[in-house]
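Colleague: Before we start, here is the structure in question, set down as structure tokens.
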Amino acid sequence: MLVAALVFAALAALLHVYIFVLESIRWTSESTRKTFGVPSLEVAETLKPMAFNQGFYNLFLAIMAGLGVVLAFDGHTAIGATLVFAGAGSMLLAAIVLIANDRTKLRAGATQGTFPLIAVVLLGIAAGTGAFAG
């Protein structure tokens, strides 16, 4: 279970790095505007500072989860798992907030929240089996 949890946490981290790229680097591109439902370049420019900041939140969560994966695979299981729980758990909670705030964002929330959900559930199961002992 632990390895599967770490794989899903790594996938969640990679997805959130991609979201960072969209929000902080490619925000005003036509394809990114379409992805986020931003109707025009003018609106994108207005939202750009907010998106830039939000992208970095996603990057920091990805770094936290990714570092946890690396540490867990390196034998620092408890520390790694703690970082994965914090990073992936925050990703999951952000997805829940997105959906709860705007039901039209169900697809986006499901996209950003599925890998973290699986990672957190599998990590919880692994913890219950004593996988972090030692």
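Values quoted throughout were computed directly from the atomic coordinates according to the rules given, and no laboratory measurement underlies them. Owing to the predicted nature of the structure, the values given are computational and were not obtained by experimental measurement. So basically every Cβ, Gly included, is an ideal-geometry build from the backbone, and we count neighbours across all protein chains shown.
Colleague: Taking amide H atoms as placed 1.01 Å from N in the peptide plane, list the residues 5 or more away in sequence, or in a different chain, whose amide H sits under 5 Å from that of Ser29.
Modeller: Excluding prolines and chain starts, which carry no amide H, there are no hits.
Colleague: If you compute percent of Cα pairs over 24 Å apart for the structure shown, which of [x] 56; [y] 32; [z] 24 do you land on?
Modeller: [y]
Colleague: Another question about this same structure. Identify the residues of the range 9-23 with backbone N under 20 Å of a label point that sits 7 angstrom from the Cα of Lys34 along the Cα-to-Cβ direction, or state none.
Modeller: So the set is 18-23.
Colleague: What is the order of Arg26, Arg33, fewest Cβ neighbours within 10 Å to most?
Modeller: Values: Arg26 16, Arg33 19.
Ranking Arg26, Arg33 by Cβ neighbours within 10 Å, fewest first, gives Arg26, Arg33.
Colleague: Also, I was wondering about something else. Tell me, what is the percent relative contact order of the chain, built from C-alpha pairs under 8 Å that lie six or more residues apart?
Modeller: Details: 180 pairs, mean separation 44.1, N = 134.
In percent, rounded to a whole number, it is 33.
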